[in-house]
Amino acid sequence: MATSYKEIMNQITTLIFDVDGVLTDGIITVTTDGEMLRNMNIKDGYALKSAVLAGYNVCIISGGSNEGVRKRLQGLGITDIYLGAHHKIIQFEEYCNAKNIKPENVMYMGDDIPDYPVMQLAGLAVAPQDAAPEIKDVADYVSPIKGGKGCAREVIEQIMRVQEKWATQYTAKYD
């Protein structure tokens, strides 16, 4: 019998995300100075910070190299950020080896072809609703939410709820 993605969520200790098309909607605004601006969803930010505070390993592996993105993610408490990663499998393996993380304990969320090799190794491969067809095919779970619109929040919240860690810092004092 096939294992459901909800069952796999029980073993997740590590959350790894791509940026463009996952934490952003994939649209880049280019200024006259050549600066590339991105929009990030505040709900994704809340969930990422909640995961860090709950003790999950949270990592970013992105082909982009925008330092504004790095600053935003660092502000959420994420310290493991790989930008300019054109062969993401290298950073994935380096990160897992350095932190002694088994791939089956990793949730990876990506949206396009460069994410494919990592998604094949991750214990739980996740894609936003508007991911490339090849990525949706390899995903264990496809969020009903598009990239940059809260898809990271949706999957983080599911994992943390399955593990009974969602919003515990707030709800515990009201029990």
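Going through Ile16, Ile8 one at a time, which residue ends up being of a type outside the set (D, E, K, R) and within 13 Å of the chain's Cα centre (by Cα)? One residue alone meets the criteria, Ile16. Filtering Ala172, Ala139 for residues that are out of contact with any Ser or Thr (no Cβ under 8 Å at 6 or more places or on another chain), at pLDDT below 95 and farther than 13 Å from Gly21 by Cβ leaves a single hit, Ala172. Only one of the numbered conditions (1) within 18 Å of Ile28 (Cβ to Cβ); (2) surrounded by fewer than 13 Cβ atoms within 10 Å (Cβ to Cβ); (3) not basic (Lys, Arg) is violated by Asp111, and that is (2). Pairs linking a residue in region 137-164 that is aromatic (Phe, Trp, Tyr) to a residue that is at pLDDT 95 or above, with Cβ atoms under 8 Å and 6 or more positions apart or on different chains, are Tyr141/Leu124; Tyr141/Ala125; Tyr141/Val126; Tyr141/Ala127; Tyr141/Val155.
Yes or no: region 85-100 includes at least one residue that is farther than 30 Å from Thr3 by Cα and buried (at least 19 other Cβ atoms within 10 Å of the Cβ). Yes, that holds for at least one residue. Residues in region 127-146 that are in a helix (DSSP H, G or I) and either of a type in the set (A, V, I, L, M) or buried (at least 17 other Cβ atoms within 10 Å of the Cβ) (or both): Ile135, Val138. Kindly establish whether Lys149 is within 22 Å of His86 (Cα to Cα), basic (Lys, Arg) and either touching a strand residue (DSSP E or B) at 6+ places or on another chain (Cβ under 9 Å) or assigned to a loop (DSSP other than H, G, I, E, B) (or both). Judged against the criteria, Lys149 is not a match.
Residues checked against (1) buried (at least 19 other Cβ atoms within 10 Å of the Cβ); (2) more than 20 Å from Gln91 (Cβ to Cβ); (3) in contact with a Pro (Cβ under 8 Å, 6 or more places away or on another chain):
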| position | (1), (2), (3) |
| --- | --- |
| Ser4 | no, yes, no |
| Glu7 | no, yes, no |
| Gly34 | no, yes, no |
| Asn39 | no, yes, no |
| Ala47 | yes, yes, no |
| Tyr56 | yes, no, no |
| Ser65 | no, no, no |
| Val69 | yes, no, no |
| Leu73 | yes, no, no |
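The single condition from (1) within 17 Å of Leu23 (Cα to Cα); (2) buried (at least 19 other Cβ atoms within 10 Å of the Cβ); (3) among the small types (Gly, Ala, Ser) that Ala122 fails is (1).
The values are calculated or read from the model by the stated rules, or taken from the named source; none is laboratory data. Given the structure is predicted, the values throughout are model-derived calculations rather than measurements. Glycine gets a Cβ as well: all are built from the backbone with ideal geometry, and neighbour counts include every protein chain shown.
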